[in-house]
1. Return the only residue of Phe158, Phe85 being in a helix (DSSP H, G or I), within 16 Å of ligand 1 (Cβ to nearest atom) and crowded, with 18+ Cβ neighbours inside 10 Å.
2. I'm told Asp53 meets every condition in (1) open to solvent by 50 Å² or more (accessible area, probe 1.4 Å); (2) within 16 Å of ligand 2 (Cβ to nearest atom) except one. Can you identify the failing condition by its number?
3. Taking segment 131-168 on its own, how many of its residues are over 20 Å from Ile56 (Cβ atoms), out of contact with any strand residue (DSSP E or B) (no Cβ under 8 Å at 6 or more places or on another chain) and not charged (D, E, K, R)?
4. On the basis of being within 15 Å of the chain's Cα centre (by Cα) and within 27 Å of Ile49 (Cα to Cα), does Ala80 make the cut?
5. Looking at this structure, is Lys18 modelled with pLDDT under 90 and within 16 Å of ligand 1 (Cβ to nearest atom)?
6. Looking for whichever is over 23 Å from Asn153 (Cα atoms), more than 10 Å from ligand 2 (Cβ to nearest atom) and modelled with pLDDT of 85 or more here; the options are Arg5, Arg76. Which one fits?
7. Anything in segment 105-123 that is assigned to a helix (DSSP H, G or I), at pLDDT below 95 and open to solvent by 50 Å² or more (accessible area, probe 1.4 Å)? List them, or say none.
8. Mind checking which residues of segment 135-155 are out of contact with any Asp or Glu (no Cβ under 9 Å at 6 or more places or on another chain), open to solvent by 40 Å² or more (accessible area, probe 1.4 Å) and in a strand (DSSP E or B)?
Amino acid sequence: NTMERERMVIVGNGGVGKSSMIQRYCKGIFTKDYKKTIGVDFLERQIEIDGEDVRIMLWDTAGQEEFDCITKAYYRGAQASVLVFSTTDRASFDAIKEWKRKVENECNEIPTVIVQNKIDLIEQAVVSADEVETLAKMLNCRLIRTSVKEDINVASVFRYLATKCHQL
Ligand code: GDP
Ligand code: MG
């Protein structure tokens, strides 16, 4: 009985909630001041897809995305990717196309979702629902709106991707 392993990468500008999302999904916690890990690190969670155990391995960055120096090693062997932006950060939304391109450069075509995080702050939104939906269509990605803080839709992101990987 071999366990399936899915290595997934989570990219997006600094501050959008990537590390928080990994902590939330794998450890079930949310802290306001998540300490940045040193070097590339990962956490994992085991779930069941179609009656089979799947181990989801989530790789985090150490904040080097702010300096545009994520190395090839980070992307190596990724089977799925999550492109994250924040509801309250316009630049992080504008950067999604570029993040998609970077993932494609390193990983070719892999199942990918666009995540609009921090929907608990929707009244401070700096992007319209229309814009977000248009971008997701253009990039041919599923769009999922999450709040890591309120634990909304976080698990659906990884269940969706694991299911996609399983079908390939
Ligand atoms: P990263 O740089 O992308 O890894 O982002 P972090 O995980 O370090 O999060 C940046 C900040 O956003 C932290 O203060 C988090 O507590 C906060 N944060 C993350 N997710 C949410 C969310 O869904 N809602 C709100 N209000 N804050 C969030
Ligand atoms: Mg981080």
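The values are calculated or read from the model by the stated rules, or taken from the named source; none is laboratory data. Being a predicted model, the structure only gives us computed values, none of them experimental. In this analysis, Cβ positions are derived from the backbone assuming ideal geometry, glycine residues included, and neighbour counts consider all displayed protein chains. Remember, those area values only see protein heavy atoms, side chains included, never the ligands or the DNA or RNA. Shrake-Rupley method; radii C 1.70, N 1.55, O 1.52, S 1.80 Å.
1. Only one candidate passes the filter, namely Phe158.
2. (2)
3. Number satisfying all stated conditions: 3.
4. Taking the combined requirement at face value, the residue satisfies it.
5. Values: modelled with pLDDT under 90: no; within 16 Å of ligand 1 (Cβ to nearest atom): yes.
No: the conditions fail for Lys18.
6. Working: Arg5 fails: over 23 Å from Asn153 (Cα atoms).
The unique qualifying residue is Arg76.
7. Residues satisfying the conditions are Asn105, Glu106.
8. Arg142, Arg145
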